[in-house]
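I have placed the structure first, in the form of structure tokens, so that the comments after it can refer back to it.
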Amino acid sequence: MYKKTMSKKTELKIRHATIEDVKKISELENICFPFAEAASEESIFRRVKAFPNHFWLGFDGDNLVSFVNGLATNQKDLTDEMYENENLHDESGNWQMIFGVDTAPDYRKRGFASQVMETAISDSKRQNRKGLVLTCKKKLIPFYERFGFKNEGLSSSEHGGVKWYQMRLEF
């Protein structure tokens, strides 16, 4: 399934992941996050196998430049266990968890992450979810607030040894 969204500058092709995308996803993940925070290629493989339609991949031509991923669940809060246990995915879950919003450094501040995030939000609405939940570093709170996410304060997450803030977008 392919989708197209328009940016004033560049048309970004957005589609869901396949197993063939795992290497590219892993490479971008390791560019975007420090080792302690980045998902391993094995973890990405398991996630793509378990919930491919919960990866939104943004391409500029053949180049993967941005992606959003996460699982669906009835649990209201994002927990560290979700990052490594793809079996916690529930296709009919009320909440779309977002594990990461990755954008290649050369493509940042050009609207690509926003295009991919808007697609994830739109798909989640169409799937009748209650909303989306993510955790982010303090400096990214304003970025997510632009989409309507509300800051719920410090998360209990200890992922990568970093302080995370839980953000929620309710429909």
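The values are calculated or read from the model by the stated rules, or taken from the named source; none is laboratory data. What you see is a predicted model; the values in this text were computed from it and never measured. Glycine gets a Cβ as well: all are built from the backbone with ideal geometry, and neighbour counts include every protein chain shown. These area figures cover heavy atoms from the full protein model, side chains too; ligands, DNA and RNA do not enter into them. Shrake-Rupley method; radii C 1.70, N 1.55, O 1.52, S 1.80 Å.
May I ask you to order 128-139, 110-121 by the average number of other C-beta atoms within 10 Å around their residues, highest value first?
Working: 128-139: 17.9, 110-121: 21.2.
By packing density, highest mean first, the sequence is 110-121, 128-139.
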Sort out for me the Cα centre separation of the range 101-171 from the range 11-66, rounded to whole Å.
16 Å
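So with the 1.4 Å probe, I'd like the accessible area per residue for the range 88-171, rounded to whole Å². Don't jump to the answer; show the numbers that get you there.
On the way: 4250 Å² over 84 residues.
Heavy-atom SASA per residue in the range 88-171 reads 51 Å².
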So between residue 85 and residue 13, what do we pick up on full extension, going 0.36 nm a residue minus the alpha carbon distance?
23.0 nm
Carbon and sulfur together cover what percent of the accessible area of the chain at a 1.4 Å probe radius?
49 percent
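Restricting to DSSP loop positions (anything but H, G, I, E, B) with no more than 16 other Cβ atoms inside 10 Å of their own Cβ, which GluC sites (Glu not before Pro) remain in the range 72-109?
Working: sites: 81, 84, 86, 91; in loops: 91.
Counting only loop positions with at most 16 other Cβ atoms within 10 Å, the GluC sites (Glu not before Pro) in the range 72-109 are 91.
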Heads up, the chain by the C-alpha gyration tensor (a ≥ b ≥ c square roots of eigenvalues; a/c under 1.5 rounded, else a/b over b/c prolate, else oblate) looks rounded
Ranked highest first by average number of other Cβ atoms within 10 Å, how do 14-27, 57-70, 142-155 line up?
57-70, 14-27, 142-155
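Compute the Cα gyration tensor for the range 19-64, then decide on rounded, prolate or oblate, letting a ≥ b ≥ c be the square roots of its eigenvalues: rounded whenever a/c is under 1.5, prolate when a/b is larger than b/c in the other cases, and oblate in all that remain. Mind showing how you got there, number by number?
Values: a/c = 1.95, a/b = 1.10, b/c = 1.77.
Taking the square roots of the gyration eigenvalues as a ≥ b ≥ c, the range 19-64 is oblate.
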